[in-house]
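The values are calculated or read from the model by the stated rules, or taken from the named source; none is laboratory data. A quick note: this is a predicted structure, and the numbers were derived from the prediction, not measured. As a convention, Cβ positions derive from the backbone with ideal geometry for all residues, glycine included, and neighbour counts pool all protein chains shown.
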Amino acid sequence: MSGTVIIGAGQAGVQTAVELRAAGYSGPVTLLGAEQALPYHRPPLSKAYLTGEKGTDALLMRGPSFYSEQAIALHQGAEVTAIDHAAKSVTTAAGQRFGYDHLVLATGASARPLGCPGADLDGVMVLRSRADSEALKLRLEAAGRLVVVGGGFIGLEVAASARKLGKQVTVLEMQDRLMARAVGSDVSAFFAGVHRDHGVDLRLGDGIAAIAGRNGAVSGVHTTRGAELACDIVLAGIGVSPRTQLAEAAGLGIANGIVVDAAQRTSDPHIFALGDCASFPNPHGSGMIRLESVQNAVDQARIVAAGIIGDAARYQAVPWFWSDQYDLKLQMVGLSHGHDHVEARGNRAESRFSVFYFRAGRLVAIDSINRPADHMRGRKLLAAGAAPITPSDIDTHFAARRE
């Protein structure tokens, strides 16, 4: 019996192995990770791990003995280079061959590199892996000035961490607001003020035109608006690209990720895909969607495990996300895109408030800053999918009614 082979030892891959065992799957489980490190959590890489508040052991998803105890064959440093449909096997760069009954693609995503002149200079960095975080940490110890390109979660979390370490930080964001893909304009404006209050030189509507160098290393940047900024490090925080090369070479459907159905199956019924690399039917809207979050990986792992053991399951989870910046915890539930009405509750001056987004009179998403009760209540209500929550219902259902 060949069992199940999982390509990728990040959150999605490890969680799939865990869910298979929890569901009573008794076949062989092989987990192939391209990195030499034991599987680890990525969220702290831009925050507590970067600042030194968390060590390597605190990153680990599971202890070293967990995999053998659960009969999960973990192969570290095993980069898969090919999938053979006919033979139902995969091959690694080292020439190892693994047969499978079911194959799971949890290949994740890669940080997008900068494409401007000077992007190959020493000191231009990305942050996706533990090695990336460690390299950035070393650079920050010796550097005084950092330019972050991109005002999304990673860029802003690194900016906050670098300010905590006493570094001079400039953030360049081409759009006119921060975190535009994830939050509403009210929340964007609030976080812009927070970063400026903490000393970040925040430049909205400005991007990077070129990186200047001296002796092969970064010395500054030229912005699209014509500014020249001296710096020692440039961090690219411009998003990620799903790792679809293996799937594409194997002839699987690709469209902003590996195309799957609601059961996480690809166009080959023996192959599943999940997590950052998978494009799936939006259960709360139309069309296909790809999400990059721990929650998405964990929930989809349950669906994949169910499919492998023969149970019918469809992905219907309400997405939620979070970001820690300075002493603020931003928690988001639902997808606010296309909203047509907004309500806010709480105390903005004390950095404790929530923004509620409605579409056609129905609550579709909530952004909460330091109000975890609103976030948790919103997750339960949106997941229940019962009677729609309207603007007039907010004070009945949420913590705001007690303030």
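Some points to look at:
- Those residues of the range 363-377 which are among the hydrophobic types (A, V, I, L, M, F, W, C) and either under 17 Å from VAL194 (Cα atoms) or in contact with a Phe, Trp or Tyr (Cβ under 7 Å, 6 or more places away or on another chain) (or both), in sequence order: LEU363, VAL364, ALA365, ILE366, ILE369
- Among the candidates THR170, THR91, the residue that is in the same structural domain as PRO269 (by TED's automatic domain parsing), modelled with pLDDT of 95 or more and among the β-branched types (Val, Ile, Thr) is uniquely THR91.
- Meets criteria (in the same structural domain as SER188 (by TED's automatic domain parsing), at pLDDT 95 or above and either in contact with a Gly (Cβ under 7 Å, 6 or more places away or on another chain) or assigned to a helix (DSSP H, G or I) (or both)) for ALA135: yes
- So TYR326, is it among the hydroxyl-bearing types (Ser, Thr, Tyr) and on the phi > 0 side of the Ramachandran plot: yes
- Among (1) over 28 Å from PHE280 (Cα atoms); (2) surrounded by fewer than 18 Cβ atoms within 10 Å (Cβ to Cβ); (3) not hydrophobic (A, V, I, L, M, F, W, C), the one test that GLY118 misses: (2)
- Hits in the range 67-115 (condition: surrounded by fewer than 18 Cβ atoms within 10 Å (Cβ to Cβ) and in contact with a helix residue (DSSP H, G or I) (Cβ under 9 Å, 6 or more places away or on another chain)): GLN70, ALA71, ALA73, THR81, ALA82, ASP101
- Scanning the range 291-306 for residues that are touching a residue at least 60 places away in the same chain (Cβ under 8 Å) and either assigned to a loop (DSSP other than H, G, I, E, B) or over 19 Å from ARG181 (Cβ atoms) (or both) yields GLU292, VAL298, GLN300, ALA301, ARG302, VAL304, ALA305, ALA306.
- Applying a threshold of 7 Å to beta carbon distances and a minimum spacing of six or more residues, or different chains, the list of pairs starting in the range 153-165 at a residue that is of a type in the set (S, T, N, Q) and ending at one that is assigned to a helix (DSSP H, G or I) and surrounded by fewer than 23 Cβ atoms within 10 Å (Cβ to Cβ) reads SER161/THR51.
- Residue within the range 143-152 that is assigned to a helix (DSSP H, G or I), surrounded by 14 or more Cβ atoms within 10 Å (Cβ to Cβ) and touching a residue at least 24 places away in the same chain (Cβ under 8 Å) present: no
- Among the residues of the range 255-278, those that are out of contact with any His (no Cβ under 8 Å at 6 or more places or on another chain) and either without any contact (Cβ under 8 Å) to a residue 24 or more places away in the chain or assigned to a loop (DSSP other than H, G, I, E, B) (or both) comprise ALA255, ASN256, GLY257, VAL260, ASP261, ALA262, ALA263, GLN264, THR266, SER267, PRO269, LEU274.
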